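Chemist: Dropping a structure here in structure tokens format, bear with me for questions.
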Amino acid sequence: MNLTHQSKLHRYSAAVEAMREEGGRPGLTARAGVDFASSDYLALASAPRMKEALFAALKAGTPIGAGGSRLLRRNCGEHEALETEAARFFRAETALFFGSGYIANFAILTTLPQRGDLLVLDSLVHASMHEGARAGRAEFRIAAHNDPQSVEDTIGDWHAKGGVGRVWIAIESLYSLDGDFAPLADLVEIAERYEAFLVVDEAHATGIYGEQGRGLTAPYQGCGYILVVHTCGKALGAAGALVTASSVLRDFMVYRCRPFISATAPSPQMAVAARQALLIVQEEPERRRRLIDLIDFAHRQLAICGRPTRSSSQIIPYRVGDNARTIRLAAALQARGFDVRAIRPPAPPGRARLRISLTLNVEQDDVSEMIDALVEETWGKIR
């Protein structure tokens, strides 16, 4: 490597060193300990029925790879079967399968909002939505988190300054860092009043909340102005994401969406896995009941220990503040056999926290022991 190339790489190596000095050793680490880090909420990723469905698909000749774009290579039957089942289960007009939730959010916001439109993002939506907004055609603005009045004020200000296009509102139904729920009814009412489209990322709610695990948007499915992203890689234990929408918007995405047109389609095997997961969610409701019981138990235990949280979901943010202290606390818990991870910048400075994730991969005894260790490490060794 010549000196010119070395100098160009220096800024990257310097940035990595700065991150190491700021907060300990970053990077990829192997899974170890009791699972309080994954989003495999219903423990479907290793469920016997999921494995059996994939074994049967392999035996029947279902390919592992799609072999190309769905427009160029045509559809696999597995993609069609998943989308048909998803539309039926979510009571939506249609569904469209993407390779991940990130791609689905990016695809929607770079394809559907047009020049002259306004896109209003909740400040804490997933990075994929922020990236889609920056790469898209529409003007976008940020509204205060979970504040319907801020959304309405943003729309009103845009109209007052001459905005005449369509309004799009992008939110999550359950936010991935704070574990709090969106004021969905209020936002639906705003969307109706302003004839706006509402894009809802249900990544952390699909399979758990709503009737039969249909998500928090279940009461509103079928409304032509609501598009929903149902991630398959969390509670559904597979990979990919399903966008449920009206047939008009689905068709527009099929013919105009670059991430759909120009990318190799998701694995047919993942389509099989996601479809099987939807069937399990419907046929094994006890999984959802057990998870809700575990969530209630964990929040009660935290309150008893004097560490209540504003979350009421399976995502428990344990705020620490300082980056280095947060990383040390996570390392201490990992050393005691609990896989708990630290969340630090690019989250806002001073807001570092542990993100404790509750799944059916743990039992109540595991939760009690983890909370005991957390309280001891917080109030004792980690100062």
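Chemist: On the basis of being closer than 15 Å to PRO259 by Cβ and at pLDDT below 95, does ARG70 make the cut?
Modeler: Yes, satisfied.
Chemist: Does ALA87 satisfy the condition of being open to solvent by 20 Å² or more (accessible area, probe 1.4 Å) and under 24 Å from ALA235 (Cα atoms)?
Modeler: When the stated conditions are applied, ALA87 does not pass them.
This table checks each residue for (1) under 29 Å from LEU44 (Cβ atoms); (2) part of a loop (DSSP other than H, G, I, E, B); (3) open to solvent by 30 Å² or more (accessible area, probe 1.4 Å).
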position	(1), (2), (3)
VAL243	yes, no, no
PHE260	yes, no, no
ARG290	yes, no, yes
LEU302	yes, no, no
ARG319	no, no, yes
ALA330	yes, no, no
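Chemist: Assuming LEU54 fulfils every condition listed in (1) among the hydrophobic types (A, V, I, L, M, F, W, C); (2) assigned to a helix (DSSP H, G or I); (3) under 20 Å from the mean Cα position of the chain (by Cα); (4) within 27 Å of ARG288 (Cα to Cα) apart from one, which condition is it?
Modeler: (3)
Chemist: Among all residue pairs at least 6 apart or on different chains, which show Cβ distances below 6 Å where the first residue, located in the stretch 210-224, is surrounded by 15 or more Cβ atoms within 10 Å (Cβ to Cβ) and the second is of a type in the set (Asp, Glu) and at pLDDT 95 or above?
Modeler: Note: pairs meeting the criteria are GLY215/GLU202; ALA218/GLU211.
Chemist: I need the full set of residues from the stretch 78-100 which are in contact (Cβ under 8 Å) with a residue 40 or more places away in the chain and assigned to a helix (DSSP H, G or I), in order please.
Modeler: Correct list: GLU78, HIS79, ALA81, LEU82, GLU83, GLU85, ALA86, ALA87, PHE89, PHE90.
Chemist: Please find, among CYS232, CYS257, the residue that is within 19 Å of MET129 (Cβ to Cβ), touching a strand residue (DSSP E or B) at 6+ places or on another chain (Cβ under 8 Å) and not aliphatic (A, V, I, L, M).
Modeler: CYS232
Chemist: Right, another one. Give the stretch 314-342 a look and list any residue that's touching a strand residue (DSSP E or B) at 6+ places or on another chain (Cβ under 6 Å), among the charged types (D, E, K, R) and closer than 12 Å to MET370 by Cβ, or say none.
Modeler: The answer is ASP339, and nothing else.
The values are calculated or read from the model by the stated rules, or taken from the named source; none is laboratory data. Quantities reported herein were computed from a predicted structural model and do not represent experimental measurements. In this analysis, Cβ positions are derived from the backbone assuming ideal geometry, glycine residues included, and neighbour counts consider all displayed protein chains. Areas reflect the complete protein model, heavy atoms only, side chains present, ligands, DNA and RNA absent. Shrake-Rupley method; radii C 1.70, N 1.55, O 1.52, S 1.80 Å.
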